[in-house]
Amino acid sequence: MSIGVGLFGLAFVALAEEGNVKLPAKEPKTREFSFQYQFRVKGLKAQGDAAKDRVRVWLPSPSSDAEQQVTRGEATAPAKIAEHQESRFGNRILYFETQIPASGEFSVKVPYQVKRHEVRQLAAMPGASEKLDDMRRALYLAADKLVPTSGKPLKLLEGLELRANKIDMARQLYDLVDKHVVYKKEGIGWGRGDTNWVCDSGFGNCTDFHSLFISLARSRGLPARFEIGFSIPTDKTEGPVAGYHCWAWFYLEERGWVPVDISEADKNPAMKEYYFGNLTADRVKFSTGRDLKLNPPSAQQPLNFFVFPYIEVGGETLPAANIELQNSFRETG
């Protein structure tokens, strides 16, 4: 055991030695699958005006990194797709333009081959693989439009004595968010990642859990980042992929980036210890960050987050009701 693991680290090791905590397998797991990013655009009405009938389409495109290796296959779309990059976080963006077809609809399919690795950050030896420069540190400490670092979220810290050790403090914030927020999708307001809203409501989805955590972490000087993509089903080897999933990371000088998946911990209490510092391989990341400015620039921006297609027709955002998502996966490993 390394020196300086902190109170939480010591407690975790002690519980593990007593057999009270089920540790992940010694070797991180991997999962290999094909992922079809697919959707149908429907209900378009041509007006006979080239400017008003101009359709611009932006798609997030996953990149390879330490957690995943991604290969993009040949896409199917009504026009040639170009690849660009967003400047703040380095997200890849696929883009094309077309005109509203006579049928009023078109389909897009972008196939990927993905090898995703389980993340076992707290089980690894200390040592930061990435050193944050001043610019990146400022980026991951700054407030986002819906993720403030002052005001309502700080009221949740009242009466809580935060520990000096950064990893112990991060665990306190993790526990605080899990206690305050219940995974529930009812009514309106959830799913936007609005920290102030979730402070008041006390429920939401993964976006809401991790927005609150990021607000709290950044307010205490812990750089934190937001990642979003899709969960891959564990009970089947192929089929549709519904919705999206997101998680967060916080940065420690001595360890680098450490992940948390608090909404999954809330849904699966038996996995709560695991999801502080670990991520399963049952996912694929599509983009990082909030308040994203697209490349090429869109008429309406920035985006709150980027996981689904973003489409403008005649310079106006196309409603989600006109986009039918058809994502799917197939196990290949």
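The values are calculated or read from the model by the stated rules, or taken from the named source; none is laboratory data. What you see is a predicted model; the values in this text were computed from it and never measured. Counting neighbours? That spans all protein chains shown, and the Cβs are built from the backbone with ideal geometry, glycine included.
Couple of notes before you dig in:
- Taken over the range 286-333, the criterion of being modelled with pLDDT of 95 or more, over 27 Å from LEU139 (Cβ atoms), assigned to a loop (DSSP other than H, G, I, E, B) and over 19 Å from the mean Cα position of the chain (by Cα) is satisfied by GLY314, GLY315, LEU318, PRO319, GLN326, THR332.
- Of residues in the range 81-98 being among the small types (Gly, Ala, Ser) and assigned to a loop (DSSP other than H, G, I, E, B), the one surrounded by the most Cβ atoms within 10 Å (Cβ to Cβ): GLY90
- Residue tally, condition surrounded by fewer than 22 Cβ atoms within 10 Å (Cβ to Cβ), within 16 Å of THR149 (Cα to Cα) and of a type in the set (Phe, Trp, Tyr), over the range 191-232: 1
- Matching residues, the range 220-231, being among the small types (Gly, Ala, Ser) and either in contact with a helix residue (DSSP H, G or I) (Cβ under 6 Å, 6 or more places away or on another chain) or modelled with pLDDT under 95 (or both): ALA224
- Filtered residues of the range 30-77 (kept if of a type in the set (Gly, Ala, Ser) and in contact with an Asp or Glu (Cβ under 8 Å, 6 or more places away or on another chain)): GLY43, ALA46, SER61
- One residue stands out in the range 233-259 among those that are touching a strand residue (DSSP E or B) at 6+ places or on another chain (Cβ under 8 Å) and farther than 23 Å from GLN113 by Cα: the one that is surrounded by the most Cβ atoms within 10 Å (Cβ to Cβ), namely PHE250.
- Selected residue (criterion: farthest from the chain's Cα centre (by Cα)) from residues of the range 99-130 that are over 21 Å from PRO62 (Cα atoms), modelled with pLDDT of 95 or more and part of a loop (DSSP other than H, G, I, E, B): ALA102
- Residue list for the range 154-171, filter: assigned to a helix (DSSP H, G or I) and either over 17 Å from THR195 (Cα atoms) or at pLDDT below 95 (or both): LYS166, ILE167, ASP168, MET169, ALA170, ARG171
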